[in-house]
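Data first, discussion second: the structure below is written as structure tokens.
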Amino acid sequence: MYKYSSILIVEDSLADLKHYVSLCQKLSLSVVTATNVQEAREKMQRHGCDLALVDLHLTAMEKEVSGIKVIHEFCELWPNSSVVAMSSDFHDAVCRKALRAGAQHFLRKPISSGTELSVAFNLAYERKRLLIEKEQKFAPYSLAFSPKSQALQNRHPYGLVLSGDQLKAIEIVTKHPHIPFIILGETGTGKEEIAKLVHKKRCEEEGVIPFVTVNCASLSHDLIESLLFGHRKGAFTGADKNTAGFLGEANGGILFLDEIHCLNIEAQSRLLRVLNNGSYHRLGDTAELYSQFQVIAASTIDLDEQVEDGRFVLDLRSRLTGIDLHLKPLRARMNEIGDLIALYFVRSKLAISDQALSELIEKCSKYYWRGNIRQLYKALEIMVIQAQFQDEPLSAKMLPEFKTMLAPAELSEIVEEGISINTIKTEENLISIDLCLEAGKDLKTIMDELEAHVIKKSMSRYPRLSDLCRDLGISRNTLDLKRKKYRLK
């Protein structure tokens with residue numbers, strides 16, 4: 001008997017979708033549905049289904065076989081799960097394309113019975129099991145299928161470069177999911193990767209559980225309550241059905257709140273109640289609902305400072321007190337850059353010579369990396385594409401160089417141990433830290449004035465705020481908050 005508990009069904013025919021849902025429910029499967037590629041992508045991010053049933057031809061208007069996109073992304077996101085593809089197209093080429101994309105079995109539509117599905121699911125399970133065993137035996141991730149790559153995996157079994165303290169923190173919140181977990185660090189330091197690792201470890205121990213990611217910085221102010229808490233049909237114009245919201249979808253699993261400091265005060269207050277007892281109300285509904293989940297929050301800004309500035313609810317910060325994990329920027333952990341680069345090639349299953357790898361590590365070690373690990377990996381990705389385009393072996397000379405990889409040009413000197421810096425040069429004047437100290441200003445006031453000056457000067461040099469954010473290494477939402485804080489126009 002197949003060993004699945006949940007299934008994602010992707011089918012654009014509502015009649016067929018209803019039929020498949022009924023058959024799968026009779027097989028005691030928890031069902032998640034989607035009718036197009038975008039919806040499937042969103043459901044895959046939120047729900048950790050261990051099986052997918054995907055129609056290859058999702059829309060008659062698309063010339064390409066759009067279900068292949070779903071299979072590719074599902075296999076990448078949930079590599080240990082299985083996929084059964086289905087189509088009314090009887091050509092063998094369609095079947096072969098689905099199998100090459102990652103499907104373990106292929107069904108020809110129409111599908112009439114649960115028995116037919118059950119047999120397909122059994123075959124998919126066995127094929128996936130054999131494939132995993134084969135990969136583990138013959139070719140676990142490899143740089144060039146060398147002993148060095150295996151040693152690298154043994155040092156970093158989760159594909160992340162983590163310290164002993166970080167691993168200990170992850171272990172604690174995995175075994176004790178009631179403990180809040182806050183991950184602090186600059187953009188690109190790997191906060192979401194840490195959250196995904198906690199989810200992966202919990203799935204290994206408990207079975208598949210939901211993992212719902214909420215980018216608080218991208219939530220529209222008008223829709224924030226509906227998206228977080230759900231809404232009742234008819235609650236507002238366009239509300240044509242009941243929704244559970246992110247909180248309801250996270251029930252029994254993990255709610256990852258990225259950039260949590262971007263939530264407005266009202267949403268923070270409502271979230272506090274949910275975290276206290278699990279109860280909440282959908283928009284336009286009086287019925288009390290309940291959701292129990294592990295909360296993992298991430299922020300690029302110190303939440304305690306946000307509380308002091310009146311931008312974060314004190315009670316919510318207290319409720320989130322648990323394990324705080326601070327991720328250092330890449331420039332402060334250059335001793336790890338070699339392993340980070342090697343792991344990129346391991347995870348990408350790309351071969352690179354030892355000499356080219358050494359030269360690449362040496363070259364990357366000279367940069368500042370304002371965008372941290374995310375920027376490093378993006379640069380490596382472009383390098384790989386360049387090598388493939390030119391049909392040449394990977395080499396350090398193909399690594400692109402962007403301005404944001406360099407140290408900020410505004411600093412007249414680099415602060416190093418044992419070196420005292422009294423001024424920071426700008427085009428207009430000099431900010432004298434000595435004068436600030438003589439005036440009796442505290443450190444926070446000095447740093448605020450310095451930050452405001454840097455942002456103001458940078459704004460005058462960039463016609464587009466997006467370029468300014470990229471150069472300073474901050475998000476647009478963070479920039480807006482700081483402009484409001486310092487009253488900069």
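If you add up the charges near Q104, with Lys and Arg at +1 and Asp and Glu at -1, over every other residue whose beta carbon is less than 11 angstrom from its beta carbon, what do you get? If you can, show how the numbers build up before the last one.
Values: positive: R127, K128, R129; negative: E126.
Charge balance near Q104 sits at +2.
State to the nearest 20 debye the size of the charge dipole of the chain about its Cα centre, where the only charges are +1 on K and R beta carbons and -1 on D and E beta carbons.
On the way: 63 positive and 65 negative charges, 183 e Å.
Dipole about the Cα centre, nearest 20: 880 debye.
How high is the relative contact order of the chain, in percent, with contacts defined as C-alpha pairs under 8 Å that are six or more residues apart?
12 percent.
Calculated FRET efficiency, A332 and A452, Cβ-Cβ r, R0 25 Å, to nearest 0.05?
On the way: r = 25 Å, r/R0 = 0.98.
It comes to 0.55.
At what distance in nm do the modelled label points of K363 and D391 sit from each other, each positioned 7 Å from its Cα along Cα→Cβ?
2.2
Provide, for q = 0.08, 0.14 Å⁻¹, the log10 of I(q)/I(0) from a solvent-free Debye sum over equal Cα point scatterers in the chain.
Taking Cα atoms of the chain as identical point scatterers yields -0.61, -1.55.
Jot down the per residue volume, in cubic angstrom and as a whole number, of the convex hull over the alpha-carbon atoms of the range 176-326. The partial results should precede the final answer.
Numbers: hull volume 16.8 nm³, N = 151.
Value for the range 176-326: 111 Å³ per residue.
Take the cross-link list K200/K328; K97/K241; K43/K241; K128/K201 and give me the ones stretching past 26 Å between alpha-carbons. Provide the component values of the computation, followed by the final result.
Values: K200/K328 23 Å; K97/K241 36 Å; K43/K241 17 Å; K128/K201 20 Å.
Correct reply: K97/K241.
Starting from the Cα of N80, move 7 Å in the Cα-to-Cβ direction to define the label point; list residues of the range 186-201 whose amide nitrogen is under 16 Å from there.
Once the point is set 7 Å along Cα→Cβ of N80, 196-201 turn out to lie under 16 Å by backbone N, inside the range 186-201.
Grab the beta carbon distance between R100 and K200, set R0 = 22 Å, and tell me the FRET efficiency rounded to 0.05. Walk me through the numbers before you get to the answer.
On the way: r = 26 Å, r/R0 = 1.19.
Efficiency at R0 = 22 Å is approximately 0.25.
Could you tell me the relative contact order of the range 343-405? Use alpha-carbon pairs under 8 Å, at least six residues apart, and round to a whole percent. The partial results should precede the final answer.
On the way: 43 pairs, mean separation 25.4, N = 63.
Relative contact order, the range 343-405: 40 percent.
Picking from A351, L376, V313, whose Cα lies most toward the positive end of the charge dipole for the range 299-393 (charges on Cβ: Lys, Arg +1; Asp, Glu -1)?
Positive-most Cα among the choices belongs to A351.
Along Cα→Cβ, 7 Å out, is where each label goes; now give me the distance between the ones at K349 and L465 in nm to one decimal.
4.3
Let me know the longest stretch in the chain that avoids all GluC sites (Glu not before Pro) found in a DSSP loop with at most 16 other C-beta atoms within 10 Å. Could you put the intermediate results ahead of the total?
On the way: sites that count: E62, E64, E401, E410, E413, E416, E417, E427, E428.
Result for the longest clean stretch: 65-400.
Based on DSSP H runs of at least 4 residues, each adding -39500 (n - 2.57), what is the mean residue ellipticity at 222 nm of the chain after dividing by all its residues, to the nearest 500 deg cm²/dmol?
Values: 20 runs with 228 residues, N = 489.
About -14500 deg cm²/dmol.
Per q in 0.26 Å⁻¹, report the Debye log10 I(q)/I(0) for the range 343-405, using one uniform scatterer on each alpha carbon and no solvent.
Cα-only, vacuum Debye calculation for the range 343-405: -1.29.
Starting from 0.36 nm per residue, how many nanometres of slack lie between T237 and K378 once their C-alpha separation is accounted for? The partial results should precede the final answer.
Working: separation 141, 0.36 × 141 = 50.76 nm, distance 4.10 nm.
Extra length from T237 to K378 when fully extended: 46.7 nm.
Note down the nm distance, to one decimal, between modelled labels 7 Å out along Cα→Cβ at L488 and at H72.
4.0
For K403, list the aspartates and glutamates whose Cα falls under 14 Å from its own Cα; do not include residues on the same chain fewer than 8 positions away.
Once the sequence-local aspartates and glutamates are set aside, what remains near K403 is D467, D471.
What is the order of L283, L51, fewest Cβ neighbours within 10 Å to most? Could the numbers behind the result be given before it?
Working: L283 18, L51 26.
Fewest-to-most Cβ neighbours within 10 Å comes out as L283, L51.
For L406 and S30 in one chain, what is 0.36 nm times their gap in residues minus the Cα-Cα distance, to one decimal in nm?
Values: separation 376, 0.36 × 376 = 135.36 nm, distance 4.96 nm.
This chain segment gains 130.4 nm when fully extended.
Read the figures in this text as sums done on the coordinates, not as results from a lab. Since this is a predicted model, take the numbers as computed values, not measurements. Virtual Cβ from ideal backbone geometry, glycine too; neighbours counted across all protein chains shown.
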